[in-house]
Amino acid sequence: MLSILFFGQLRERLNTERLTVDISTLAKPNTVGSLCAYLSDLGPQWAELIRVDNCLVAVNQTMATQNTAINADDEIALFPPVTGG
């Protein structure tokens, strides 16, 4: 099972800090992009917040892109976009 962690505004707006997902439910190939597509299908609020172009994603504590491969026991962390000043 994938362990999905949500941080910052994502955690607050989705009202969850952790979710587990069976990797077999994702579209192939198993990538960060296919996980984000799966999460977006959970509802309108999820679709609004979980977009690869809008979230920072880490796989096993390493920053990832939408093409990063994921495996069944990976930990995926999603962060809201970061702005600085």
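Here residue 12 does not qualify as modelled with pLDDT of 95 or more and out of contact with any helix residue (DSSP H, G or I) (no Cβ under 9 Å at 6 or more places or on another chain). Of all residues in the range 57-66, those being out of contact with any Asp or Glu (no Cβ under 6 Å at 6 or more places or on another chain), open to solvent by less than 70 Å² (accessible area, probe 1.4 Å) and closer than 15 Å to residue 7 by Cα number 2.
The values are calculated or read from the model by the stated rules, or taken from the named source; none is laboratory data. Keep in mind that what you see is a predicted model, and the values were worked out from it rather than measured. Counting neighbours? That spans all protein chains shown, and the Cβs are built from the backbone with ideal geometry, glycine included. Areas reflect the complete protein model, heavy atoms only, side chains present, ligands, DNA and RNA absent. Shrake-Rupley method; radii C 1.70, N 1.55, O 1.52, S 1.80 Å.
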